[in-house]
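Down below is the structure, laid out as structure tokens.
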Amino acid sequence: MPDTAPLLFDFRQLTVYRGERRALHGLDLQLRAGEHLAILGPNGCGKSTLIKTLTRELYPVTDTPGYRFRLLGEEFADITDFRKTLGVVALDQLLRLSAEVTERTVTGLELVLSGFFDSIGLWPHMHPTASHRRRACSVLRLLGIAHLAKRSLREMSSGEQRRCFIGRAIVHDPAAVLFDEPTTSLDPAAVIEFRRVLRMLCRRRKSVVLVTHNVADLVPEIDRVLLMRAGGIVADGPPRRVLSSASLSRLFGQPLRLVRTRGHYDLVSR
């Protein structure tokens, strides 16, 4: 990714506390338009805190020397500005989805349309326009799930629900899409389908941020990997430079061997 591409995000010296515990300290993160970034680290390394900071559920310490939180070159001001820029498929949202579909009927089309309103499904006071509906139907076709438009989410597999949720994240055409632990709870066939969709989004020049503890989630289109441990960044660069058996063994605290196969990765015990 050329350095001349505009910065979508420019976050510097992020320090975030969760209660009395410092969960992130002095973290820098820049993302350029069209860049595909994977944030990899073990449970407890600060990934979820970073996501909640990006989505403004948590707030950094703003008087830290060198602190910056810029979006599209401007100081962050309004959460609605951020939502226009970033589409999110996050684990806690998926858990909310599971709770919602047990209480009321939400169809695939309604879930995708709700991306315009930052909700889970549509409520009576929400009135999608004809343009909204055309865009939602186009996204359903793009993701290969047009047949799920009228189907209730409770009648779908977890993989089908996940694809509808991706549609919700991209329907408003954000500059970047963030995936948080996207393959959690999916069966092997659904994992394969998710990775196909992820590769398709990358090829459409949509910036992708993939947050995961599973190196096998990294698709060949990922051009930058950031390794996180103990609330900080320990490595940042192209996958072939950052990912190795030694670096991942240090990251996860046990002897591991990295296996590369045509741009795909996996880890096995040594």
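The values are calculated or read from the model by the stated rules, or taken from the named source; none is laboratory data. Quick caveat, the model's predicted, so the values are computed rather than measured. Note that each Cβ is placed from the backbone with ideal geometry, even for glycine, and that neighbours are counted across all protein chains shown.
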Residues of the range 108-148 being outside any helix (DSSP H, G or I) and touching a helix residue (DSSP H, G or I) at 6+ places or on another chain (Cβ under 7 Å), which ones? 118, 120, 121, 122, 128, 143, 145
Keeping to the range 1-32, report how many residues are among the acidic types (Asp, Glu) and free of Cβ contacts under 8 Å to residues at least 24 places away in the same chain. 1
Per the list (1) within 14 Å of the chain's Cα centre (by Cα); (2) of a type outside the set (A, V, I, L, M, F, W, C); (3) over 24 Å from residue 268 (Cβ atoms), residue check on residue 203 breaks on (1)
Enumeration of residues in the range 205-234 that are buried (at least 18 other Cβ atoms within 10 Å of the Cβ), among the small types (Gly, Ala, Ser) and on the phi < 0 side of the Ramachandran plot: 207
Can you find even one residue in the range 21-37 that is in a loop (DSSP other than H, G, I, E, B) and in contact with a helix residue (DSSP H, G or I) (Cβ under 9 Å, 6 or more places away or on another chain)? no
Among 201, 258, 186, which is modelled with pLDDT of 95 or more and more than 17 Å from residue 46 (Cα to Cα)? 258
May I ask you to list the residues in the range 41-98 that are among the β-branched types (Val, Ile, Thr), part of a helix (DSSP H, G or I) and at pLDDT 90 or above? 49
